[in-house]
Amino acid sequence: MRWLRCHKMIVGFGFVLLLLGLTAAPPAEAGSWSPGAAGAAAPEGSPVRESGARPAALTFKGRAFDTCRAPSADTMRRWRASQYRAVGVYFGGRGRACRSQPHLSHRWMRTVEDQGWRVLPLYVGSQSTCVFARHKKNVRIGRHPWKQGTAEARDAVKRASALGIGQGSPLFLDMEAYEYRNKRCARTTLLFVRGWNREVSRRGYLPGFYSSAASGVRHMELSRRAGVRDLPSVVWFARWGVKNGLNREPALRKTAWTPARRIHQYAGNVRERHGGRTLLIDRNVMHAPVARIE
């Protein structure tokens with residue numbers, strides 16, 4: 001009976017590994033990436049520099065918004081009347097909804113930084129093979145997820161650099177909600193994400209990850225608990241309709257991605273008007289790294 005119980009435990013653990021996609025090793029398995037280390041906590045709204053091997057990261061604690069198309073520099077100036085001090089911008093990726101970004105440029109980055117804004121760069125690349133959103137099914141991950149993730153990471157770094165986003169900055173991979181309990185899909189998605197993370201990190205940037213708290217972020221947390229390497233350095237979790245906060249998310253253990261490594265998107269598709277300009281935005285609270293604009 002004791003042997004039988006042990007056998008069942010081993011089989012059960014193997015099933016969990018298979019579910020998460022952890023049994024498939026990527027090519028040339030190499031060094032790990034720690035999703036934890038960060039600097040000391042900062043007062044609300046204060047930027048704090050961190051030390052490390054790569055260029056120093058700049059962290060910010062406060063309110064942020066993201067919107068599909070980067071607003072004009074004048075609108076950003078007017079929105080200084082709001083409670084927000086950081087903005088998420090969609091700078092690249094074949095899955096990006098607003099491909100036309102007439103305002104987004106190196107000059108725009110420098111201008112909004114001079115206005116006092118912090119920037120969160122979002123890259124919407126290939127999506128999970130079991131993504132829920134119909135409009136994302138045409139950009140799903142292909143047959144070679146690790147190689148594809150690596151190639152898209154190179155593209156992300158190239159595009160970020162062209163905008164003046166320097167090393168030490170986070171680049172957030174936007175992975176829309178997917179059925180992570182699907183074993184084959186979980187395996188493919190995790191390999192893609194890990195390949196993207198490793199290449200972004202290798203090139204001197206911080207790999208970030210945005211997804212639904214109940215799907216992609218839960219998948220990353222289960223992988224973290226299982227000891228998987230090359231996971232995101234920063235998590236941006238979407239859970240709408242709840243009280244905003246960084247430490248109340250049930251999908252994450254309190255010790256995961258702390259300190260200064262979390263962003264909570266707590267409301268989406270809301271209209272706000274500040275300084276005479278109205279935008280359709282998502283609302284976020286954060287304590288995490290932001291872009292270093294060169």
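The values are calculated or read from the model by the stated rules, or taken from the named source; none is laboratory data. Please read these numbers as outputs of a predicted model, since none were measured by experiment. Note that we place each Cβ from the backbone using ideal geometry, even for glycine, and neighbour counts take in every protein chain shown. Just the protein is used for accessible areas: all its heavy atoms, side chains included, with ligands, DNA and RNA removed. Shrake-Rupley method; radii C 1.70, N 1.55, O 1.52, S 1.80 Å.
Please name all residue pairs, on different chains or six or more residues apart, with Cβ atoms under 6 Å, provided the first residue is in the stretch 99-110 and is of a type in the set (A, V, I, L, M) and the second residue is open to solvent by less than 70 Å² (accessible area, probe 1.4 Å) and not in a loop (DSSP other than H, G, I, E, B).
MET109/ILE293
For the stretch 111-122, how many residues are free of Cβ contacts under 8 Å to residues at least 40 places away in the same chain and open to solvent by 10 Å² or more (accessible area, probe 1.4 Å)?
Initial filter on the stretch 111-122 (free of Cβ contacts under 8 Å to residues at least 40 places away in the same chain): 111-112, 114, 116.
Restricting the remaining residues to those that are open to solvent by 10 Å² or more (accessible area, probe 1.4 Å) gives 111, 114, 116.
Residues flagged as free of Cβ contacts under 8 Å to residues at least 40 places away in the same chain and open to solvent by 10 Å² or more (accessible area, probe 1.4 Å) within the stretch 111-122 amount to 3.
Looking only at the stretch 267-294, count every residue that is open to solvent by 20 Å² or more (accessible area, probe 1.4 Å) and free of Cβ contacts under 8 Å to residues at least 60 places away in the same chain and tell me the total.
5
Looking at the stretch 61-98 only, could you name the residues that are under 21 Å from ARG154 (Cα atoms), touching a residue at least 40 places away in the same chain (Cβ under 8 Å) and not basic (Lys, Arg)?
Across the stretch 61-98, the qualifying residues are GLY88, TYR90, PHE91, GLY92, GLY93, GLY95.
Filtering the stretch 41-98 down to residues that are outside any strand (DSSP E or B), open to solvent by less than 30 Å² (accessible area, probe 1.4 Å) and closer than 21 Å to GLY168 by Cα, which residue is modelled with the lowest pLDDT?
Once the filter is applied, the top-ranked residue is ALA42.
Need pairs with beta-carbon distance below 8 Å; first residue free of Cβ contacts under 8 Å to residues at least 24 places away in the same chain and under 21 Å from ALA260 (Cβ atoms) and within the stretch 225-245, second open to solvent by less than 50 Å² (accessible area, probe 1.4 Å) and of a type in the set (Lys, Arg); sequence gap 6+ or separate chains.
Partner pairs satisfying both residue conditions: none exist.
Please verify whether the stretch 131-149 includes one or more residues that are within 16 Å of the chain's Cα centre (by Cα) and part of a helix (DSSP H, G or I). If you could, list the steps in order and put the result at the bottom.
Filtering the stretch 131-149 for residues within 16 Å of the chain's Cα centre (by Cα) gives 149.
Next, from what is left, pick out any that are part of a helix (DSSP H, G or I): 149.
Within the stretch 131-149, one or more residues are within 16 Å of the chain's Cα centre (by Cα) and part of a helix (DSSP H, G or I).
Given the criterion β-branched (Val, Ile, Thr) and not in a loop (DSSP other than H, G, I, E, B), identify the matching residue among VAL228, VAL242, VAL270.
Numbers: VAL228 fails: not in a loop (DSSP other than H, G, I, E, B); VAL242 fails: not in a loop (DSSP other than H, G, I, E, B).
Residue meeting the stated conditions: VAL270.
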